[in-house]
1. Where a ≥ b ≥ c are the square roots of the eigenvalues of the C-alpha gyration tensor, would you call the stretch 209-381 rounded, which needs a/c under 1.5, or, failing that, prolate if a/b is larger than b/c, or oblate?
2. Given points 7 Å out from each Cα along the Cα-Cβ axis, report the Leu90 to Phe193 separation in nanometres with one decimal.
3. Near Trp209, within a Cβ-to-Cβ distance under 14 Å, what is the net charge of the other residues, with Lys and Arg +1 and Asp and Glu -1?
4. Could you name the aspartates and glutamates whose alpha carbon sits less than 18 Å from that of Lys247, not counting residues in the same chain fewer than 8 places away?
5. Glu57 to Val364: extension gain in nm, 0.36 nm per residue of separation minus the Cα-Cα distance?
6. I'd like the FRET efficiency for Ala281 and Asp159, computed as 1/(1 + (r/R0)^6) with the beta carbon distance as r and R0 of 35 Å, rounded to 0.05.
7. For the pair Asp339/Arg102, report the inter-label distance in nm, with labels modelled 7 Å from Cα in the Cβ direction.
8. Roughly what angle does helix 349-361 make with the longest principal axis of the chain, taking Cα atoms, 0 to 90 degrees, to the nearest 10?
Amino acid sequence: MKIAYVLNTYPQPSQSFIRREIHAHERAGVSVVRLAMRPFDGPLADPLNAHEREATEYVLKRGGMRLLAALAGRALRAPGRTARAAGLALRMASAARGNIARHLVYLAEAAHVADRCAAEGVDHIHAHFATNSAAVALLAHALGGPAYSFTTHGPEEFDAPASLALPLKIARARFAVAVSAFGRAQLYRWAPFAAWNRIETVHCGIEPWRFADPAALQAGPLRAVNIGRFCEQKGQMILVRAMAALKDSHPDIHLTLVGDGPMRPDLEKAIEAHGLEDRIALTGWLDEGRVNGELAAAHVLVMPSFAEGLPMVIMEAMAAGRPVISTFIAGIPELVTPDTGLLVAAGDADALAGAMAKMASLPVSRLAAMGQAGRDRVLARHDIDEQAARLRALIAGG
């Protein structure tokens, strides 16, 4: 079996779940062709991502003339098929409020992807995210390329499913994948009943051997860590407000924010305004080894997200034997249960502060027991080799 992974911008620091899935296929002897539209233009702290960048072909680097030539070649060889594919591109453009030029670019990209799949002997295309990568996969198939599937993660796809032509992408796919039961339900909302049996759940996963010997929790004041992109949906500003609320009652609680993003300047200003410079550290993006080191040094992961799919960092923290504080949204309650952590209402800084104070009051033995329960749960549900095998079975059985 040979699979082409069609992606938009790859690899990115926040896309370890895609890399792990690809590597799991390759460990099983499956060849994976990586076709991304463009490279990530920021730094890649993790050497594994640097290797992925070297292994990825970038479609837009071919240049506009070569992509148009690929489309013209398809039109000459199969004019009717190409016309129908162009019609699909226009339907998606209409759903996106008439951005015709962009979708014609997708059509040219798809022609190149179809050509590369033919040259490489690809059996199936899989896209991650129901955005332009799924559009290119759909159009490549319409132009004569292999059948396709795609994984929807959320929350962006669920914010504007109609403008992404999500119903069309589901209808034409061999199958569509969600990463949680919540995500599957969102796909049900936008699919006809006849397509429900082609909507599947395949979890993102961890590599268990990277968490083979979790560090023991250390005695002392509570150390919390948050890991992720600094953007509105991740809720780090609420976490800063919670730390401010705990400033007098729990002066020893320390928080480390791992990551970066557009909200960093606002976070830095808020930390300074609340006088929390000695209690909140910002590290920037770290490679996987140093992220695991921050988890090892922490007692608890705190993820106060406003919108999510099912965060990889929660899986990683649980695999590292750390309890989790997060929010009652999306797929998170499917993984974080009362014996593994605490859940609060999204956007409620007081409730978040209360949860952190409760964790700070628990003995290390209780935190360790919660961490072990979380570790058992995530290893049973999110082994990447098992999840990738499930995806391959869907591909083979389609």
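1. Details: a/c = 1.40, a/b = 1.30, b/c = 1.08.
Taking the square roots of the gyration eigenvalues as a ≥ b ≥ c, the stretch 209-381 is rounded.
2. My value for the distance between the label points is 3.3 nm.
3. Numbers: positive: Arg20, Arg27, Arg210, Arg375; negative: Glu207, Asp213, Glu288, Glu316, Asp383, Asp385, Glu386.
Here the count lands on -3.
4. Here the aspartates and glutamates satisfying the reach criterion relative to Lys247 are Glu268, Glu272, Glu277, Asp278, Asp348, Asp350.
5. Values: separation 307, 0.36 × 307 = 110.52 nm, distance 4.81 nm.
The Glu57-Val364 span can extend by a further 105.7 nm.
6. Values: r = 32 Å, r/R0 = 0.90.
The value I calculate is 0.65.
7. Here the modelled spin labels are 4.7 nm apart.
8. 60 degrees
Values quoted throughout were computed directly from the atomic coordinates according to the rules given, and no laboratory measurement underlies them. Note that the structure is a prediction, hence the values are computed from the model and not measured. No Cβ is skipped: glycine too gets one built from the backbone with ideal geometry, and neighbour counts run over all protein chains shown.
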